[in-house]
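Remarks on the structure that follows.
Rule-based calculations on the coordinates, nothing more; no lab input. Keep in mind that this is a model prediction, so the values were computed, not measured. As a convention, Cβ positions derive from the backbone with ideal geometry for all residues, glycine included, and neighbour counts pool all protein chains shown.
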Amino acid sequence: MKVRGAVIHEIGGEWKVEDLELDEPQDFEVLIKVMASGLCHSDDHFVTGDIPVTLPMVGGHEGAGVVVKVGSKVSRVEVGDHVSTLFIPACGTCRYCARGMSYICNNGAGMEHGMAMDGSARFHLADSGKGIGGVTRLGTFANHLVCHESQTVKLPKDIGFDVACLVSCGVATGYGAAVNGGPVRAGDVVLVMGVGGVGMNAVQGAKHAGADHILVAEPVEFKRKMALEFGATEVFPSIEEAKNRIGELTNGQGVDVAIVTVGRVDGDLLGEAFEVTGKAGTCVLAAVGSYEKSIAISPQDFTNFSKRIQGVLYGLCNPTVDIPRLLQMYKEGRIKLDELITNTYTIEQVNEAYADMHSGKNIRGVLIHEH
Ligand SMILES: [Zn+2]
Ligand SMILES: [Zn+2]
């Protein structure tokens, strides 16, 4: 079938909105009519080359939509179901899924090529017929996509697609960074560095877990203001400017949990976060960063203060359990999702949307597909 999608062709290029040919779903695959997609910072990392992927590629991995066709062996969802997409599959049976760590499911291997699990393409460029991948084997910047059933989770039908798409990545990642990654405990002093689409949910997670003090370091004034509405207790333009207050609150020892959710992290910034992490504290890294092997930390502090650095993918969540749970919490008014959406865009406005993200205008932009 003919579909329309935003494709990135080269590092440093612009998103190009074009017609694509989409194959039929195979045995274990589903065809999804994508209704909404989060405009996540990660997709921009494929444009900048911070995360190397095989180009050209259809963008987008935070999707929500309706199942319109299923392969002959699909059992997880059926036609008509509302679903959100999982950027890491949750197969349920591999070594990691079986141990409650779907966020590192073995079937996530090779997803940088964006092809289906058998290595073949589902999207094809309209002019040449060349097969191309979709981001994380999805491609939610197209108005339809085909993916493996293990990359879907069924949604309640009374949830808006616009908020549902965000829960499939940014919300789960940020919330889980605090609740699972810290884990933040009642009474903790927490610092969140960077409050975009992920960090804002780390603030919500820390609040939900019962932190006494949730400090935020964020250079953009609008985001600092929003963070106070999401549960931050104090906001600062930088870690440096938060240091005095951290000292006052912790008898000079440092925070219990420092969560790094900036747009792009490097070894120096991680070093700063580690430094303000206190004795027996955890420095949580839930950000995309450089592949350089350099973190500016003192090995002696690491040992003497029994600190931890915890890497966090997908908020250490098991999405088939945690996505429905987060949506239930939203329905009960215990987490904010509508407030995360600063602006919505059409597919033709994808480049504009990313320009807005870079200029700090958005907590999260959402692409609404027209059908
Ligand atoms: Zn994302
Ligand atoms: Zn698995």
Any lysines whose Cα falls less than 16 Å from that of Lys307, other than same-chain ones fewer than 8 residues away, would be Lys279
Computed, not fitted: 222 nm per-residue ellipticity of the chain from DSSP H runs ≥ 4 (each -39500 (n - 2.57)), nearest 500, equal to -6500 deg cm²/dmol
If each part is reduced to its alpha-carbon centroid, region 54-81 and region 284-359 end up apart, in Å, by 23
On each of the three principal axes the extent of the alpha-carbon atoms of region 174-313, given in whole Å and largest first, is 38, 33, 27
Low-density loop trypsin sites (Lys or Arg not before Pro), region 87-157, at most 16 other Cβ within 10 Å, DSSP non-H/G/I/E/B, are Arg95, Arg99, Lys130, Lys157
Listed residues Val284, Val47, Val321; largest mean-square fluctuation, Gaussian network over the chain with Cα springs below 10 Å, found at Val321
Cross-link reach from Lys225 to lysines, straight Cα distance under 23 Å and at least 8 residues apart if same chain, gives Lys207, Lys243, Lys336, Lys361
The chain, Gaussian network, Cα under 10 Å: of Pro25, Pro89, Pro52, the residue fluctuating most is Pro52
By the Cα gyration tensor axes a ≥ b ≥ c (a/c under 1.5 gives rounded; else a/b larger than b/c gives prolate, otherwise oblate), the shape of region 329-371 is oblate
Filtered hits (lysines, Cα-Cα < 28 Å from Lys2, offset >= 8 within chain) -> Lys16, Lys33, Lys69, Lys73, Lys130, Lys154, Lys157
Mean 1/r over distinct Cα pairs of region 227-309, inverted to a Kirkwood Rh in Å, yields 13.4
Taking placed amide H atoms and a strict 5 Å upper bound, the residues 5 or more places from His144 or on another chain that come that close are Arg4, Val34
The ³J(HN,Hα) series, computed from each phi in region 52-67 with the Karplus coefficients 6.51, -1.76 and 1.60 at θ = phi - 60°, rounded to the nearest Hz and given as x for glycine or proline, is x, 9, 7, 9, x, 8, 6, x, x, 9, 9, x, 9, x, 10, 6
At the level of C-alpha centres, the distance separating region 122-161 and region 189-262, in angstrom, is 35
Taking a ≥ b ≥ c as the square roots of the Cα gyration tensor eigenvalues, with a/c under 1.5 meaning rounded and otherwise prolate when a/b beats b/c or oblate if not, region 1-139 comes out oblate
For Glu21 and Arg308, extending 7 Å from Cα along the Cα-Cβ vector and measuring point to point gives, in nm, a value of 5.1
When all Cα-Cα pair distances of the chain are considered, the percent exceeding 38 Å is 15
Taking the alpha-carbon centre of each part, the distance from region 89-118 to region 1-45 in Å is 20
Across Glu352, Glu14, Glu292, the residue with the highest GNM fluctuation in the chain (Cα network, 10 Å cutoff) is Glu292
Over the Cα atoms of region 121-252 the radius of gyration and the largest Cα-Cα distance (Dmax), both in Å, equal 19.4, 65
Heads up, region 212-271 by the C-alpha gyration tensor (a ≥ b ≥ c square roots of eigenvalues; a/c under 1.5 rounded, else a/b over b/c prolate, else oblate) looks oblate
